[in-house]
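Reading through the structure tokens given below for one structure.
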């Protein structure tokens, strides 16, 4: 698999081309499923323990803002050192298993680190601007990583204890989008979700 994830004879969930596909899927989902929502709908919480849609998306934006510089630094160092694609990309089994745990549907809740906790009152205008901008920067980071030795280039301050490689971190960020898009859809489909229908809002479900 070109520039992909491979462990033994098993392919990992995502390759870099898949990461770029996720960027476009995330932007399309945001345009279709989030932009039509009112501020009340964006900020509505199912209960005090669960985030609103706005908080889910702010958390995604914060995560990209904090980790993309680390990803870009790791890729730059790898290029400087000539650490390029070797043909067979071997990832640690523990990293592959950790990546699979990120994917929805979520079966086990996880607490976000304090520096990734969303703001209590998210500004909708900033949310929109940052969502598109962050994914463009992520896509550029993916493109800059093509051709590098993805499993053996390590990211300083790993995004998760078992996800330390450049390739694993990029895969995590794509899966992280899917995880919280899924969570946002669960909020939207909750029985008590404010049902005011805005012009242009669609009734279809899913991404």
Among the candidates 24, 17, residue that is modelled with pLDDT under 95 and in a helix (DSSP H, G or I) = 17
remark   = Condition set touching a strand residue (DSSP E or B) at 6+ places or on another chain (Cβ under 9 Å) and either surrounded by fewer than 20 Cβ atoms within 10 Å (Cβ to Cβ) or more than 15 Å from residue 150 (Cβ to Cβ) (or both), scope segment 46-93, selection modelled with the highest pLDDT: answer is 79
query = Taking interchain pairs and intrachain pairs at least six residues apart, which have beta carbon atoms under 9 angstrom, with the first residue in segment 135-161 and on the phi > 0 side of the Ramachandran plot and the second part of a strand (DSSP E or B)?
reply = 147/84
ask   = How many of the residues in segment 153-168 are part of a helix (DSSP H, G or I) and touching a helix residue (DSSP H, G or I) at 6+ places or on another chain (Cβ under 6 Å)?
value = 2
query = Among the residues of segment 96-119, is there at least one that is farther than 20 Å from residue 29 by Cα, touching a strand residue (DSSP E or B) at 6+ places or on another chain (Cβ under 6 Å) and buried (at least 21 other Cβ atoms within 10 Å of the Cβ)?
reply = yes
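The values are calculated or read from the model by the stated rules, or taken from the named source; none is laboratory data. This structure is a prediction, so every number in the text was calculated from the model and none was measured. Neighbour counts run over all protein chains shown; Cβ positions are idealised from the backbone, glycine included.
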